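Encoded as structure tokens, the structure appears first; notes follow it.
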Amino acid sequence: LTKKITNWIKKEVEGRFGLVINCEKTKIKDLAEPKEQLDFLGFTIRSEILEKVPWKKYCTIQPSKNSLKKIKEKIREITSPGNGYKPIGAIVKSLNLCLRGWGEYFKKGHPSKAFSNVNAYVDERVIHFLQRRSQKRYKKSQSSETWYQEIRRLKVMLLTKKVFVKA
């Protein structure tokens, strides 16, 4: 059955569309198999079992580990000590621009775990960036305020699936 489907797809793609399939890179994966997943265009696609209904499976689409690694590298680059001379507003603006683009691309599927992971990483990096900005530590606007509130006051974007919160 797999050979028949493979030959049909190859005939259609190469014949009708005039494209060439790279046989070394092309793979057929059975997502019904346990722990089988497909990484494609920055997404990880896999089949999972519902906890409440164990006989049903559903397809999850979420950002791949490589995509998370790349966005964290970009966040690290923006909040690096080498950018300590830039105004905080400029850092927040470039950080928000990066987060908005990444979030818009990956908001399809089930990105909430990845989004909360990135949000926590952004908060951690911004705190460290503010604390090492100069010889004196960054002073929060109110002494009773938490770092989380201070980051929201600076308008650092939060990633959520439906709406991007600027705080």
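The values are calculated or read from the model by the stated rules, or taken from the named source; none is laboratory data. It should be emphasised that the depicted structure is a prediction, and the values quoted were computed from it without experimental measurement. Cβ: placed from backbone, ideal geometry, glycine included. Neighbour counts: every protein chain shown. Accessible surface is based on the protein model in full, side chains and every heavy atom, while ligands, DNA and RNA are left aside. Shrake-Rupley method; radii C 1.70, N 1.55, O 1.52, S 1.80 Å.
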(request) Filter the stretch 79-104 down to residues that are surrounded by 17 or more Cβ atoms within 10 Å (Cβ to Cβ) and farther than 15 Å from Phe115 by Cα, then give me how many there are. (result) 3
(message) Which condition from (1) in a helix (DSSP H, G or I); (2) open to solvent by 30 Å² or more (accessible area, probe 1.4 Å) is the one that Gln142 breaks?
(response) (1)
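Matching residues to (1) of a type in the set (Phe, Trp, Tyr); (2) farther than 13 Å from Leu158 by Cβ; (3) at pLDDT below 95:
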position: Leu68; (1), (2), (3): no, yes, no
position: Glu73; (1), (2), (3): no, yes, no
position: Glu77; (1), (2), (3): no, yes, no
position: Gly82; (1), (2), (3): no, yes, yes
position: Ser94; (1), (2), (3): no, yes, no
position: Tyr121; (1), (2), (3): yes, no, no
position: Ile127; (1), (2), (3): no, yes, yes
(message) Among the numbered criteria (1) touching a Leu at 6+ places or on another chain (Cβ under 6 Å); (2) surrounded by 14 or more Cβ atoms within 10 Å (Cβ to Cβ), which one does Ile71 miss?
(response) (1)
(message) On the basis of being open to solvent by 70 Å² or more (accessible area, probe 1.4 Å) and in contact with a helix residue (DSSP H, G or I) (Cβ under 7 Å, 6 or more places away or on another chain), does Leu19 make the cut?
(response) yes
(request) Specify the residue that is modelled with the highest pLDDT; the eligible residues are those in the stretch 41-54 that are open to solvent by 60 Å² or more (accessible area, probe 1.4 Å) and among the aliphatic types (A, V, I, L, M). (result) Leu41
(request) Determine whether Leu38 is free of Cβ contacts under 8 Å to residues at least 12 places away in the same chain, of a type in the set (A, V, I, L, M, F, W, C) and open to solvent by less than 90 Å² (accessible area, probe 1.4 Å). (result) yes
(message) Out of the residues in the stretch 90-119 meeting the condition of being over 15 Å from Ser67 (Cα atoms) and in contact (Cβ under 8 Å) with a residue 40 or more places away in the chain, tell me which one is farthest from the chain's Cα centre (by Cα).
(response) Val92
(message) The conditions are (1) open to solvent by 100 Å² or more (accessible area, probe 1.4 Å); (2) over 18 Å from Gly109 (Cα atoms); (3) at pLDDT below 85, and Lys57 fails exactly one of them. Which is it?
(response) (2)
(request) For the stretch 2-23, enumerate the residues that are part of a helix (DSSP H, G or I) and aromatic (Phe, Trp, Tyr). (result) Trp8
